[in-house]
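Have a look at the structure below before the remarks.
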Amino acid sequence: MKNAKNNSTREWEEIRCPKDLVTAKRRIDLLVVHCSATRQQDRYLPPQLIHDHKQRGFSTAGYHYYITRDGRLYALRHVDKAGAHAIGYNAFSIGICYEGGLDSNYRPHDTRTPQQRQMLAQLVWHLRNRYPTAMVVGHRDLSPDRNGDGSITPDEWLKVCPCFDAQIYN
């Protein structure tokens, strides 16, 4: 993996500062925000996420970036490779996932810590500077427009991921 400016060969790599990201050599139209759908008190670190995605048949994690509860940012899938995080949108998007998204009773909830909120804001800012025409959306915003009115409403969401309105970053 060479998502940041070093020669690491792991399938994941911590990025100390979002300004150290590399720029994809492919068109990027969307920055898609996800949650890991894990409870707020449960840890779900990059090795486990990668293992689980491989168990589902992926070559590695489907997301490009992952933010843990303590606000650490990890590069997973290289940005030059299409993700495996949003069917029909992977070719021209970057997938960002934060650890959490479920309350202690397994109900969808915005469980982002202050550290995650800060890192997500920094990451999106740096990515939007690299891809100024890219729109930020939540996975739920890519649900089909079932009633054909031109907007995706909560009753049409296939998932509630990422459990908050990611479009606030636009």
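The values are calculated or read from the model by the stated rules, or taken from the named source; none is laboratory data. From a predicted model like this one, the values you see are computed outputs, not experimental measurements. Because the Cβ atoms are built from the backbone with ideal geometry, glycine has one as well, and the counts that use them run over all protein chains shown. Heavy atoms of the whole protein, side chains included, go into the accessibility calculation; ligands, DNA and RNA do not. Shrake-Rupley method; radii C 1.70, N 1.55, O 1.52, S 1.80 Å.
Extending 7 Å from the Cα toward the beta-carbon at both residue 26 and residue 133 defines two label points whose distance is 1.7 nm. When ligands, DNA and RNA are left out and all protein chains stay put, how many square angstrom of accessible area per residue does the chain have with a 1.4 Å probe? Accessible area per residue, the chain: 50 Å².
For a Förster distance of 41 Å, can you work out the FRET efficiency between the beta-carbons of residue 42 and residue 145, rounded to the nearest 0.05? That pair, residue 42 with residue 145, gives E of 0.75. Using Cβ point charges alone (K and R +1, D and E -1), the dipole size of the range 65-170 about the Cα centre works out to roughly 420 debye.
Dividing the helix sum by the residues of the chain, where each DSSP H run of 4 or more adds -39500 (n - 2.57), gives a mean residue ellipticity at 222 nm of -5000 deg cm²/dmol.
The Cβ shell under 9 Å around residue 163 holds other residues with a net charge of +1, Lys and Arg each +1, Asp and Glu each -1.
The trypsin sites (Lys or Arg not before Pro) of the range 48-112 meeting both criteria, a DSSP state outside H, G, I, E and B (loop) and at most 12 other C-beta atoms within 10 angstrom of the site's C-beta, are 56. Evaluated over the range 1-150, the count of Lys pairs having alpha-carbon atoms less than 17 Å apart is 8 (only pairs 8 or more residues apart or interchain).
Using 20 Å as the cut-off for backbone N distance, which residues of the range 103-120 belong to the label zone defined by a point 7 Å from the Cα of residue 158 along Cα→Cβ? Label zone hits: 108-109. Beta bridges from DSSP with both residues in the chain: antiparallel share about 35 percent, rounded to the nearest 5. Accessible surface of the chain, 1.4 Å probe: 51 percent of it comes from carbon and sulfur atoms.
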